[in-house]
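Here's the structure we're looking at; comments come further down.
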Amino acid sequence: MVSALDAKHAVYVGSFDPMSLGHEDIVRRGAAMYERVTVGIGINPEKRPLFSCEERLELVRMVLAPYKNVSIESFDGLAVDFVRRCKGALMLRGLRTLTDIEMEFTTCLANRVLAPDIETVFLMAGEKYAHISSTLIKQIAQMGHHNSAEKLRAFVPEPFIQPLIDKFARRTQ
Ligand code: ADP
């Protein structure tokens, strides 16, 4: 059977709540390696995200506008099903720590059972970004009252800075 999946199309899924400079670095490098990258913003009905699906779509689109071969969509359900709907043959993931490796390895094996024709490709986090997580960013936005824009600039792409500050300002009012 000839696979209808495109071997030059990689799909990068995540929560991106918020998107970090580490995420952007993975997209930038993936876009240089493959003809097409689709970024899939996963919507998990069990989780209460900081940014709504619409907010994340809008902000991630602003961040990734310079990358002409990258498109952005949201999805719910299994990541491999989304990758297949996109007709991508590759799932792109980023690795930061040993904990990431352990978790990503198990997820990768499960995904291989669910979709043997979709390959997972791992990129090691950039050395400047390996310490960055969405959880850490939320903590900084919540507690770094003084000069928070300057602090956040080392962790998140520009379009996310003010919206992050506004989210926590509203919560503490
Ligand atoms: P998830 O909800 O799947 O954990 P994330 O948005 O946190 O989604 O991450 C999506 C992917 O990006 C995962 O493969 C994760 O390991 C990777 N990632 C997260 N932060 C970084 C970073 N700072 N540098 C490189 N990759 C990262």
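Points to keep in mind about this one:
- The GluC sites (Glu not before Pro) of region 1-72 that DSSP puts in a loop, and whose beta carbon has at most 16 other beta carbons within 10 Å, are Glu35, Glu46.
- Residue order, fewest to most beta carbons within 10 Å, for Ser71, Ser148: Ser71, Ser148
- Partner lysines whose Cα lies under 29 Å from the Cα of Lys87, excluding those fewer than 8 positions away in the same chain, are identified as Lys8, Lys47, Lys68.
- Contour excess over end-to-end distance, with Cα ends at Ser74 and Ala149 and 0.36 nm allotted per residue: 24.3 nm
- Radius 13 Å from Cβ of Ile41, net charge of other residues (Lys, Arg +1; Asp, Glu -1): -3
- Dimensions of the chain based on its C-alpha atoms, expressed as ranges along the principal axes with the largest first, amount to 59, 33, 31 Å.
- With R₀ set to 41 Å, the beta-carbon distance separating Ile101 from Gln162 gives a calculated FRET efficiency near 0.75.
- Cα-based helix-to-principal-axis angle, 158-172 vs the chain, degrees rounded to 10: 60 degrees
- Degrees between helix 134-143 axis and first principal axis of the chain (Cα, 0 to 90, nearest 10): 10 degrees
- Inter-centroid distance (Cα atoms) of region 118-160 relative to region 6-70, Å: 14 Å
- About its Cα centre, the dipole of the chain is roughly 240 debye, where the only charges are +1 on Lys and Arg Cβ and -1 on Asp and Glu Cβ.
- Between 0 and 90°, nearest 10: helix 21-33 axis offset from the chain longest Cα axis: 30 degrees
- Between Asp117 and Arg85, the modelled labels are 1.8 nm apart [label points 7 Å from Cα along Cα→Cβ].
- Karplus 3J(HN,Hα) series, Hz, for region 4-11 with 6.51 cos²θ - 1.76 cosθ + 1.60 (x for Gly, Pro): 7, 7, 8, 6, 9, 10, 9, 10
- Val156, Val80 arranged by Cβ crowding within 10 Å, fewest neighbours leading: Val80, Val156
No value in this document is a laboratory result; all are computed from the given coordinates. None of the values given here were measured: they were computed from a predicted structure. Counting neighbours? That spans all protein chains shown, and the Cβs are built from the backbone with ideal geometry, glycine included.
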